[in-house]
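In what follows, a single structure is set out as structure tokens and then discussed.
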Amino acid sequence: MERHTDQWTISLPHPLSVLALRTAKRECRTRSELIREALRRYLERESSFAKARRKLANRFQGQGIRTLEDVDRLVHEVRAEKPSRRS
């Protein structure tokens, strides 16, 4: 029968291992289930962040913002235009 999963061997720092084992036990999951879910969530979050970064990069480039120096310059320009709230 063909195998549909890959086995990995990973190393964890002891405190993280203990925490993961406790969490798996509390949630009535296996270690594999816990790690699969954690990895799935991490990858989904990273994918969402990557999409947001691309969207913002496109918007910024359309406004001529290409570097952190451009961002700093615009921040200083906006701050110079607004009256201080401390007065």
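The values are calculated or read from the model by the stated rules, or taken from the named source; none is laboratory data. Values in this document were obtained by computation on a predicted structure and should not be read as measured data. Note that we place each Cβ from the backbone using ideal geometry, even for glycine, and neighbour counts take in every protein chain shown. Side chains included, ligands, DNA and RNA excluded: accessible areas come from the protein's heavy atoms. Shrake-Rupley method; radii C 1.70, N 1.55, O 1.52, S 1.80 Å.
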Breaking point among (1) closer than 23 Å to Thr5 by Cα; (2) of a type outside the set (Asp, Glu); (3) surrounded by 10 or more Cβ atoms within 10 Å (Cβ to Cβ), for Cys28:
(3)
Asp72: passes all of (1) within 30 Å of Leu19 (Cβ to Cβ); (2) open to solvent by less than 100 Å² (accessible area, probe 1.4 Å) but (1)
Looking at segment 39-59, can you tell me whether even one residue there is among the aliphatic types (A, V, I, L, M), modelled with pLDDT of 90 or more and open to solvent by less than 80 Å² (accessible area, probe 1.4 Å)?
yes
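Would you check which residues across segment 60-87 are among the small types (Gly, Ala, Ser) and either under 30 Å from Gln7 (Cβ atoms) or modelled with pLDDT of 85 or more (or both) and list them?
Residue satisfying the conditions is Ala80 alone.
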Is it the case that segment 10-29 has a residue that's on the phi > 0 side of the Ramachandran plot, of a type outside the set (Asp, Glu) and out of contact with any Asp or Glu (no Cβ under 9 Å at 6 or more places or on another chain)?
yes
For a quick check of your reading: which helices (runs of 4 or more DSSP H) sit entirely within the chain and have at least 1 residues that are more than 25 Å from the chain's Cα centre (by Cα) and of a type in the set (Asp, Glu)?
68-81
For segment 39-83, give me each residue that is farther than 30 Å from Ile10 by Cβ and acidic (Asp, Glu).
Glu69, Asp70, Asp72, Glu77, Glu81
